Amino acid sequence: MATILLLSGPNLNLLGARQPEIYGTDTLEDLVGDARAAAEAAGHSLEHLQSNREGDLIDAIQGARGRCAAIIINPGAFTHSSYAIADALAAFDGVKVELHISNPSAREEWRRTSVVAPYVTGTVAGFGRAGYPLAVTAAVDAMARP
């Protein structure tokens, strides 16, 4: 059994109420529940942290070193601007999955660049609520590869 850390960045605490035409009406708790169920079905545990503060997310990434086998991160708007989160992810030796509810490549120009993408194993984007268990499945699969 391994631990998977799920990180949720800024404004994701407002899911269900914030721009439902883009992000849907499901709450963050709903999405985390789906991810947790997928992790447990695969024999792993899932921890979750949501923060609107960059430093909290960096501290969590650093705290996962040597403790967690994988990190799944929806960095929110930090995707496009946080070199500090990118650096923290670069220092984590496990599997890393970038996760987005919407497809940033199909949205505003400024959303089309991810500064964390070069430091992750892969990205799951644009599948809404279904992306959360998909990201867990992808992480579990990558954890099983040498």
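The values are calculated or read from the model by the stated rules, or taken from the named source; none is laboratory data. As the structure is a prediction and not an experimental result, all values here were calculated from the model. So basically every Cβ, Gly included, is an ideal-geometry build from the backbone, and we count neighbours across all protein chains shown.
The table below lists the values:
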read-out	value
Cβ pairs under 8 Å, 6+ apart, first in the stretch 43-71 and farther than 22 Å from residue 132 by Cβ, second surrounded by fewer than 18 Cβ atoms within 10 Å (Cβ to Cβ) and acidic (Asp, Glu)	65/93
Test result for residue 78, assigned to a loop (DSSP other than H, G, I, E, B), crowded, with 16+ Cβ neighbours inside 10 Å and of a type in the set (Phe, Trp, Tyr)	no
Any hit, the stretch 7-22, residues being closer than 14 Å to residue 133 by Cα, small (Gly, Ala, Ser) and in contact with a strand residue (DSSP E or B) (Cβ under 9 Å, 6 or more places away or on another chain)	no
Residue in the stretch 1-42 that is nearest to residue 63 (Cα to Cα), counting only those that are β-branched (Val, Ile, Thr) and free of Cβ contacts under 8 Å to residues at least 60 places away in the same chain	27
Filter pass, residue 31 being under 16 Å from residue 100 (Cβ atoms) and in contact with a Lys or Arg (Cβ under 7 Å, 6 or more places away or on another chain)	yes
The one condition in (1) under 15 Å from residue 119 (Cα atoms); (2) free of Cβ contacts under 8 Å to residues at least 60 places away in the same chain that residue 78 fails to fulfil	(2)
Candidate set from the stretch 87-116 (those that are assigned to a helix (DSSP H, G or I), modelled with pLDDT of 95 or more and not charged (D, E, K, R)); member that is surrounded by the most Cβ atoms within 10 Å (Cβ to Cβ)	89
Any chance residue 77 is of a type in the set (Gly, Ala, Ser), under 27 Å from residue 19 (Cα atoms) and within 13 Å of the chain's Cα centre (by Cα)	yes
Residues located in the stretch 72-90, provided they are of a type in the set (Ser, Thr, Tyr) and either in contact with a helix residue (DSSP H, G or I) (Cβ under 7 Å, 6 or more places away or on another chain) or within 20 Å of residue 131 (Cβ to Cβ) (or both)	79, 82
